[in-house]
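K.L.:
Quick one: structure below, then a few questions.
The values are calculated or read from the model by the stated rules, or taken from the named source; none is laboratory data. Because the structure is a prediction, the values reported are computed rather than measured. Note: ideal-geometry Cβ built from the backbone for every residue, glycine included; neighbour counts use all protein chains shown. With ligands, DNA and RNA removed, areas are computed over all heavy atoms of the protein, side chains included. Shrake-Rupley method; radii C 1.70, N 1.55, O 1.52, S 1.80 Å.
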Amino acid sequence: MDNNQIDELTLSDILKIFKKRKLWFWAVFILTILATGVYLYFFATPIYEVSTKVKIPARSGASSLSSLSSLSGAALILGGSRAAPGISDQIEIIKSRKTLTKVIEQLNLLEYFRNKVKDEEAKKNITINYVISTLQEEIITVEPLKDTSFIEIKVSLDDKELAYKISKALIDAYTEVSSELNKDENTYMIEFIEKQLPVTEKELAEIEEKLKNFKQTKSVLPSKEAELLLDALSEIDKQYFATKIQYQETLTKLDELKKSVSDVKDLIEKLKYVPNSPIIASLREKLTEYQIEYNALLQKYSEDSVEVSEYKARIEEAQKRIQQEVKNIISSQLNTDDPILSSISSELVTTQSSIEILKASLNALLSLKTELENQIKKLPEIEQEYLSLQRDYQLKQSAYVLLKSKLEEAKLTTAGLNLNVPIIVDEPFIPEKPAKPNKKLTLAIGGVLGIFLGILAVFLSEASDKKIRDSFDIEKLIEKEPIVLTGSSDFTNLKFLNDIKTIALNLLKEGTPKTIGVTSIGKVEEKDDVTLRLAEFFSSTGNTILIDFEGKYIARGLKGTDKNNIYNFKENLDVFSAAKTSETSEFLKLVNSFEKDFENIKQNYDYIIFNLPNYENPDVLAFVKYCEKFVLIAKKDVSEKESFLKAYAELKESVVVLKK
């Protein structure tokens, strides 16, 4: 028979197993619940959670075209604020090194984590990188809220006061870093102009004082030629200064963009990119030539003329080629699959392209300035000195006015379009109760775990149990239901006597056996009574003898004896009793003697009932050969499954009985 019974279990079998092993199930279930409760109330560390909700600004973008003046050409410079980072970008920013470093420095978290460790050697291993990693992986959680532009920042720690402080510091640091990353063109312009304006104002005052002194000490009137040269040169100076301001603003913006890449993505060094492509240098030279020619043509033709339009188209084409070359170089240096680098790379391309175009514009204006200055040098020295002072004064005055107007314009624009700053919707607060562990949820999980462990315990105990516990065990082993004996084995127990009758009828089911052996698995004290009652049943239908080798029935009122050790027990029932010794030689004599007597016994009796030793006793093998059928008795909690299976396999014609 196949011993792999688990695959053969039906629902009915499983229910029977659970009924039999229910104490195992309930014991494991209750112990699991108790263990979970003990852990929750005595060992679990309460974790407090400080939560903050932040609204992420919607993506926005703007592009602007700014051109050089009519004398510098029609240089189209692409610019504008980049799109506000999306939710995934904001999560990266919140958990970036730059943001967390600010939090660590503000709250001195490095010292806090070191104080939690007693081992001095272990303290040395706690570095700022360790603290950042701990914050990112264990303490700070950032999750987007479904179908909204909100994110939720959670700080989980066993110290609720510190969790609150970390949450506050993190929000402040995040807002600061986000503002830096979201600076637009106007912000960079304001920063540059606010630094440059006081310097220009001071220089203007100095030049004005010099010009006033010159007019007072020297009386001179410039010639018509000198006035025309001064007006032309002043116009060029204005354009050159305006272009120079734009160039400086763009450089500042480029530096901030590179710094953003370095800070947010934790690069070891600030991004170093200076395009040194021969193609860009060649294109920049051509663009300078086109702008000079464009300016010269404007002196002769209108802006709508074919000649001017041709050079305007050349200028635009050169600008596009510069931008494409810059894009190719930057794309080869940056990982554009990264969400933050992808949003920054396009503006890096635009900003660097603007710088190359502005360089060409400055070179063109500088060439025009040099040509006009050479013409001025041909004038008398007194006129040159006057024109120099007047030119400086007009230049500084124009520069001052331009700076003031640009500053106000930038401030107004920034005030109206400052939408890229995250908004704190729910401020952090100190929680009253810990968020973890969730006692109700944990107990529920403990209950579910207890159920699974209880089920596992039931099946493990069933699989590992070597003893026969009930009729179900026998039924699963031999696929046959046993006859169950219950109660005492005396004449007053009618149920027991009916069970004996059932055993006898099963023995007679397929023919009438003359010799029947009764044996047991393990020590079953009731075996002797079962054998006797069975012999009594057969004695009612024919002359019966009970073969007893252990003298079990000598003291039961046996009547008479003869030389063959046969005693009369009752009418039609005799007992053959020969006490067996432990000596091997004596046992062999008994076996040989019985073999001679058996033929006589067989001729004189209708039924021969053998009270055999238990099946594990090797002596039983000496008498099994005399039996046609067997009664195999197993006892609850005594008989072993393996021995039972072996006996059942060897005793082919067996009626199985279970004594409870």
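K.L.:
Taking amide hydrogens as modeled 1.01 Å from N in the peptide plane, which residues meet the under 5 Å criterion relative to GLU616, leaving out close sequence neighbours?
P.N.:
Close amide H contacts, sequence-distant or interchain: GLY522.
K.L.:
Label-point separation (nm) for ASP426 and THR492, each offset 7 Å from Cα along Cα-to-Cβ?
P.N.:
Label at ASP426, label at THR492, 7.7 nm between them.
K.L.:
Okay, next question. For segment 121-217, what % of the accessible area comes from carbon and sulfur atoms, probe 1.4 Å?
P.N.:
That fraction is 47 percent.
K.L.:
Which of the residue pairs LYS238/LYS411; LYS22/LYS476; LYS467/LYS509 have a Cα-Cα distance greater than 24 Å in the structure shown?
P.N.:
As for pairs spanning more than 24 Å Cα to Cα, those are LYS467/LYS509.
K.L.:
What residues have an amide H closer than 5 Å to that of LYS635, excluding those fewer than 5 places away on the same chain, when H is modeled at 1.01 Å from N in the peptide plane?
P.N.:
Answer set, sorted by chain and number: ILE521, LYS659.
K.L.:
Under a cut-off of 27 Å between alpha-carbon atoms, report the lysines in cross-link reach of LYS436, not counting same-chain residues fewer than 8 places apart.
P.N.:
Leaving aside lysines fewer than 8 places away in the same chain, those within reach of LYS436 are LYS53, LYS55, LYS95, LYS116, LYS118, LYS146, LYS154, LYS160, LYS165, LYS168.
K.L.:
Let me ask something additional. Do any of LYS224/LYS406; LYS527/LYS629; LYS210/LYS369; LYS501/LYS635 go past 25 Å between their Cα atoms, and which?
P.N.:
Distance filter (> 25 Å) returns LYS224/LYS406.
K.L.:
Could I ask something else about it? Fully extended, how many nm does the chain gain between ILE33 and GLU316 (0.36 nm per residue separation, minus their Cα-Cα distance)?
P.N.:
Here the segment from ILE33 to GLU316 would lengthen by 94.1 nm.
K.L.:
From the phi angles alone, apply the Karplus equation (6.51, -1.76, 1.60; θ = phi - 60°) to segment 532-538 and give each ³J(HN,Hα) in whole Hz, x where the residue is Gly or Pro.
P.N.:
Once θ is set to phi - 60°, the couplings for segment 532-538 become 5, 5, 5, 5, 4, 5, 5 Hz.
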